[in-house]
Amino acid sequence: MKKTFVLFFVMLCITSAIVAQQPYIPTAENLKNREEFQDMKFGVFIHWGIYSMMADGEWIMNNKNIQFEEYAKLANGFFPTKFDAVKWVSDVKAAGAKYICITSRHHDGFSMFGTKQSDYNIVDATPFGRDVIKELADECHKQGIKLHFYYSLLDWKRADYYPLGRTGKGVGRTETGNWESYHKFMLGQLTELLTNYGEIGAIWFDGQWDQPADFNWRMREIYDHIHSIQPGCLIINNHHLAPAEGEDGQTFEKDLPGQNKSGYSSTATIGQLPLETCETMNNSWGYNITDKNYKSEKDLIHYIVKAAGNNANLLMNVGPRPDGTFPDIAISRYNAMGEWLKTYGETIYGTRGGFIAPHDWGVTTQKGNKLYVHILNLQDEALYLPMQGKRVVTAKMFLDKKPVKFTKAADGIVLQLGILPNETVNVVELVLE
Ligand code: GLC
């Protein structure tokens, strides 16, 4: 009897080891969603929480060492009188964006959705008492905008987030060492997020970098749990590393794939999964009342073009104010992006990065037999394109369809642009054989 039990136990251990190491095989639906994700090209990131009331970004609790009991009292005053999901989704649509990624729970540990896993959430802990995520989800589904959930892995309030990570050291948590309970809490919340809000395009994790590289987050269990509820849901993790088994996309924080201007991307080798780059419109994710450092309309349009040329989506952030409205300047910048996309959308949506690698002068995107040459910064009236053996049938300006002369050159062509038209982006459309 004893022997049988030992044998059974050994078999169980071996089986679980094999299961744990099994490669993740995405479903057909998941693969289709990856393609659709890449086609969308542009999403709006929303950082909103009780930190918005402090108007100094979403890290304020950590940065000012606010004790968690005191910070939690912010919830008592959270009443975003002007929150209107219809307006948000309409603004996002006007931007030409196709999806929203919203903070369901950030590092401060406050859940912006009605969760049963803890009463530290917008429904139970604020006088507002409305599940804004539910209202947003309903409106997104109605208006055909995909919804992604940002979800923080680290938590500056819960004592069972243990061992404590490298951030949030001064917020007064006491270590109780119950990871099992924290893991269960996260699985419970993810179940809610994936069952109460309809179809979810992606779960977007953040905060894995809070623990040492060899820390066992048991991410594969979390990933499998997500895929068991919504197999089509994409998993993206902002861990700043190469993609891990079980993930469906790769994001780059404040960098285009392959760059490392932010200092976060040094270990983020580009994998084979769909790519995304996330960026702030000023220098803050959460609402920051003094940060007026907004990127210009031109820079924002260039950013979306560069992302597409690098085969990536752009996830451009807004930090709504505590009253629930987007800052006016953010709306006007999004509108400018939307106006540009109304004319040039064909050269962005549904494309993939062109076979000509990004250059200083600009980037290319590609769809079927069309190659769109996006000129962002060129001092000459001619442009050499390495065609890698591909033959060009016609070349014209995308905007007015005027033919562009071109001559053959070694391994490519030279576009004879004449005087460069003075557009934000000058797009030449090539039809390939
Ligand atoms: C960083 C920050 C976080 C922000 C995220 C967005 O990881 O910790 O506050 O939400 O970037 O990419």
Query - Neighbour cut-off at most 14 other Cβ (10 Å), DSSP loop, chymotrypsin sites (Phe, Trp or Tyr not before Pro), segment 206-266 - result: PHE215
Requested in this report: Determine the relative contact order of segment 201-352: mean sequence separation of Cα pairs under 8 Å and six or more apart, normalised by residue count, in whole percent.
Outcome: 16
**Report entry** Those GluC sites (Glu not before Pro) in segment 206-296 that DSSP places in a loop and that have at most 15 other beta carbons within 10 Å
**Finding:** GLU245
Query raised in the report: By count of other Cβ within 10 Å, fewest leading, how are MET337, MET40 ordered?
Result: MET40, MET337
Report summary line: The answer for the per residue Cα convex hull volume of the chain, in Å³, is 164
Query raised in the report: Hey, rough spin-label estimate for GLU29 and ASP299, points 7 angstrom out along Cα→Cβ, what's it come to in nanometres?
Result: 4.2
Query raised in the report: Does anyone have the angle between helix 297-309 and the longest principal axis of the chain? Alpha-carbon axes, 0 to 90°, nearest 10?
Result: 90
**Report entry** Sites LYS405 and ASN377 - FRET efficiency at Förster radius 25 Å, r taken between beta-carbons, to 0.05
**Finding:** 0.70
Requested in this report: Compute the separation of the alpha-carbon centres of segment 360-433 and segment 234-253 and state it in Å as a whole number.
Outcome: 33
Report task. Compute the FRET efficiency between GLU339 and THR174 as 1/(1 + (r/R0)^6), taking r as their Cβ-Cβ distance and R0 = 41 Å, and round to the nearest 0.05. Result -> 0.20
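All of the numbers you see were taken from the coordinates with simple rules; none came from a lab. Quick caveat, the model's predicted, so the values are computed rather than measured. For neighbour counting, all protein chains shown are included, and Cβ atoms are generated from backbone atoms with ideal geometry for every residue, glycine included.
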